[in-house]
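Chemist: Quick one: the structure is below, questions incoming.
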DNA sequence: TTATGATATACCTATTTTAGTATATACTGT
DNA sequence: ACAGTATATACTAAAATAGGTATATCATAA
């Protein structure tokens, strides 16, 4: 995986937000849609791009596709996610809000609909 | 300066090489051209882009335009240049080669043509 | 087997980015 | 004022990227 490919990915704020969210744990497409507030087709396309170059993995659970960061997380991505989370800029704050929104969404899901993807809800501290 | 602007810059291998070279010290356009081996117009454009968003500064010395990293170097750029220099990938090796080529070129300039830009040659360890 | 929910893909258009050529500017030395 | 060197800008064509609509796939449940 070339460095420039990774940079192209994270140069897009939506893709960066997706990577940051998945760094917090696996999520399925619809949850990413909800948190980032983008149309389904766009979420799907962005995920495909990142899976293509090997940043993401996915597996199916019923009708859900659960996406996660490919392990081990590429060092370059690691360094940047870590930097951005502790830095102070508008995009960085967004990433923190996203992680919060992620937490709340998962809490809500596990309460309201016990049939959520186990990969998403089971391993979370909230469950 | 937004994170995504910086990422867009370094997502282009040539721009990344320029930033890395300038991290080693100021250079004028013609030297960047020589080391990276790109046409004048392209070097000039890439530099203009990065100056525009505030990553680079420049000053004139005679007919030369001497470019340098804007100080203090943005944390996000710092983190990435540092990471790439110690990492092992084709693009990363390129960056190391470039720094070597930079050193040699400056040695050569200071020997052959003593009328080089002082900002380029004077403060270097090679002079 | 059919209907539904979740996701992916195809296709088209609009926008942005890149690359190249030509030309302009700015400074220096004569 | 003129020629030469270094750099910047204008303009255009080509390529890559993004966005939207429609449609396809795939699994589930009735």
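Chemist: Output the 0 to 90 degree angle, nearest 10, between the alpha-carbon long axis of helix A:13-23 and the longest principal axis computed from the alpha carbons of chain A.
Modeler: Compared with the principal axis, the helix lies near 60 degrees.
Chemist: Sorted from largest down, give the three principal axis spans of the alpha carbons of the protein assembly as shown, whole angstrom values.
Modeler: In descending order, the Cα extents are 76, 30, 29 Å.
Chemist: If all Cα-Cα distances of the stretch A:3-111 are sorted into 10 Å bins from 0 onward, what percent lands in each bin, rounded to whole numbers?
Modeler: Spelled out bin by bin, the stretch A:3-111 gives 14, 51, 31, 4, 0 percent.
Chemist: Mean separation of Cα pairs under 8 Å and 6+ residues apart, divided by the residue count of the stretch B:3-116: what relative contact order is that in percent?
Modeler: Values: 96 pairs, mean separation 31.0, N = 114.
Rounded, it is 27 percent for the stretch B:3-116.
Chemist: Going by how many other beta carbons lie within 10 Å of each one, how would you line up A:15, A:78, B:102, B:60, fewest first?
Modeler: Working: A:15 19, A:78 14, B:102 23, B:60 10.
Fewest-to-most Cβ neighbours within 10 Å comes out as B:60, A:78, A:15, B:102.
Chemist: Right, something else. Distance from the Cα centre of the stretch B:4-19 to that of the stretch A:57-117, in angstrom?
Modeler: 26 Å
Chemist: From the label point of residue A:60, set 7 Å along Cα to the beta carbon, how far off in nm is each other copy's matching point, shortest first?
Modeler: Here the equivalent label points are 6.6 nm apart from this one.
Chemist: Any idea how far apart residue B:2 and residue B:68 come out in nm if each label point goes 7 Å out from Cα toward Cβ?
Modeler: 3.0 nm
Chemist: Run the simple label-point estimate for residue A:112 and residue A:45 please: 7 Å along Cα→C-beta, distance reported in nm.
Modeler: 2.8 nm
Chemist: So the label point sits 7 Å from Cα along the Cα-to-Cβ vector; using that for residue B:100, what distances do you get to the other copies, in nanometres, sorted shortest first?
Modeler: 5.0
Chemist: Put the label 7 Å from Cα along Cα→Cβ for residue A:71; what are its distances to the other copies, in nanometres, shortest first?
Modeler: Here residue A:71 shows inter-copy label distances of 4.6 nm.
Every number here is computed from the coordinates shown, using simple stated rules; none is lab data. Being a predicted model, the structure only gives us computed values, none of them experimental. A quick note on method: Cβ atoms are made from the backbone with ideal geometry, for glycine too, and the neighbour counts reach across all protein chains shown.
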